[in-house]
Amino acid sequence: SQQGEEDPQALSIQEGENATMNCSYKTSINNLQWYRQNSGRGLVHLILIRSNEREKHSGRLRVTLDTSKKSSSLLITASRAADTASYFCATVIGGSNYKLTFGKGTLLTVNP
Amino acid sequence: DTAVSQTPKYLVTQMGNDKSIKCEQNLGHDTMYWYKQDSKKFLKIMFSYNNKELIINETVPNRFSPKSPDKAHLNLHINSLELGDSAVYFCASSQPPGTKGEGELFFGEGSRLTVL
């Protein structure tokens, strides 16, 4: 069954603006990961946040995790046209470390 | 130098045929996966192998048979193809959390299967 659910399904912004994508999940997790998928390509791992962490940064990416609300957000600052892609959150559920369950993704379009 | 490579990239075939997709990883990972991505981009796990042993089988029809000859290779054979099998199939690999890394997945570029 689907664990993560991204919101919004699609987001269109201008270059230089910030993009925020949200992910909600249903059950307790070990960690939550964000991936990017460019059109016609495979998924690429962006960032991982553990269940005992609240915020993590990597370059222009900022991820937050609120385990009480079972939600996470991915912020991309100063977006570029090259950030245009689908973004997926994925969760690892306790007791099944080998199984990463993905949401449906947010399609981000950054207009030049 | 490709970390996870899968072949073929495109596959067009008729209903009822049998086809295979191959995957190889040179990352030294113990675990490999097959995921199916449908036309709405929903990504669903199908199988997972750890060191050649099947550890996840997500209620996939038995027309789908994975095979892992060694921990660097995971192939997917599909019998009697149906229209609904049309999708992009992704191979991925990872190390179990607690070893090197925390279970991040490394994906291949996908194999787009079209069943006519």
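Table for the structure above
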{"item": "Subset of the stretch B:7-23 that is open to solvent by 50 Å² or more (accessible area, probe 1.4 Å) and within 14 Å of chain A (Cβ to nearest Cβ) - its residue that is nearest to residue B:65 (Cα to Cα)", "result": "B:7"}
{"item": "Check on residue B:4, touching a strand residue (DSSP E or B) at 6+ places or on another chain (Cβ under 7 Å), hydrophobic (A, V, I, L, M, F, W, C) and crowded, with 16+ Cβ neighbours inside 10 Å", "result": "yes"}
{"item": "Qualifying residue in the stretch B:43-55 (condition: basic (Lys, Arg), closer than 30 Å to residue A:107 by Cα and either open to solvent by 10 Å² or more (accessible area, probe 1.4 Å) or touching a Cys at 6+ places or on another chain (Cβ under 7 Å) (or both))", "result": "yes"}
{"item": "Residues (more than 15 Å from residue B:111 (Cα to Cα), of a type in the set (Val, Ile, Thr) and either in contact with a Gly (Cβ under 9 Å, 6 or more places away or on another chain) or modelled with pLDDT of 95 or more (or both)) located in the stretch B:32-87", "result": "none"}
{"item": "Every residue from the stretch A:36-45 that is over 18 Å from residue A:5 (Cβ atoms) and open to solvent by 10 Å² or more (accessible area, probe 1.4 Å)", "result": "A:38, A:39, A:40, A:41, A:44, A:45"}
{"item": "Residue list for the stretch B:24-42, filter: open to solvent by 20 Å² or more (accessible area, probe 1.4 Å) and of a type in the set (S, T, N, Q)", "result": "B:26, B:39"}
{"item": "Enumeration of residues in the stretch B:74-85 that are over 14 Å from residue B:45 (Cβ atoms) and touching a residue at least 40 places away in the same chain (Cβ under 8 Å)", "result": "B:75, B:77, B:78, B:79, B:80, B:81, B:82, B:83"}
{"item": "Long-range neighbours under 8 Å by Cβ, at least six apart or interchain, first residue open to solvent by less than 20 Å² (accessible area, probe 1.4 Å) within the stretch B:99-116, second among the charged types (D, E, K, R) and modelled with pLDDT of 95 or more", "result": "B:110/A:41; B:110/B:9; B:111/B:9; B:113/B:19; B:113/B:85; B:115/B:82; B:115/B:85"}
{"item": "Answer residue from the stretch A:21-35, given it is in a strand (DSSP E or B) and of a type in the set (Ser, Thr, Tyr) and is least open to solvent (accessible area, probe 1.4 Å) among those", "result": "A:35"}
{"item": "Single residue of A:17, A:53, A:6 found to be assigned to a loop (DSSP other than H, G, I, E, B) and open to solvent by less than 70 Å² (accessible area, probe 1.4 Å)", "result": "A:53"}
{"item": "Criterion: closer than 13 Å to residue A:89 by Cβ and in contact (Cβ under 8 Å) with a residue 24 or more places away in the chain - qualifying residue of A:39, A:24, A:12, A:28", "result": "A:24"}
{"item": "Single condition residue A:73 does not satisfy, out of (1) more than 11 Å from chain B (Cβ to nearest Cβ); (2) in a loop (DSSP other than H, G, I, E, B); (3) open to solvent by 20 Å² or more (accessible area, probe 1.4 Å)", "result": "(2)"}
{"item": "Residues located in the stretch B:57-116, provided they are acidic (Asp, Glu) and away from every other protein chain (no Cβ under 14 Å)", "result": "B:70, B:82, B:85"}
{"item": "Test: residue in the stretch A:31-49 that is more than 30 Å from residue B:2 (Cα to Cα) and within 13 Å of chain B (Cβ to nearest Cβ)", "result": "no"}
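The values are calculated or read from the model by the stated rules, or taken from the named source; none is laboratory data. Because the structure is predicted, anything quoted here is derived from the model rather than measured. Ideal geometry is used to build each Cβ from the backbone, glycine not excepted, and the neighbour counts take in all protein chains shown. Calculation scope for accessible area: heavy atoms of the full protein, side chains included, ligands and nucleic acids excluded. Shrake-Rupley method; radii C 1.70, N 1.55, O 1.52, S 1.80 Å.
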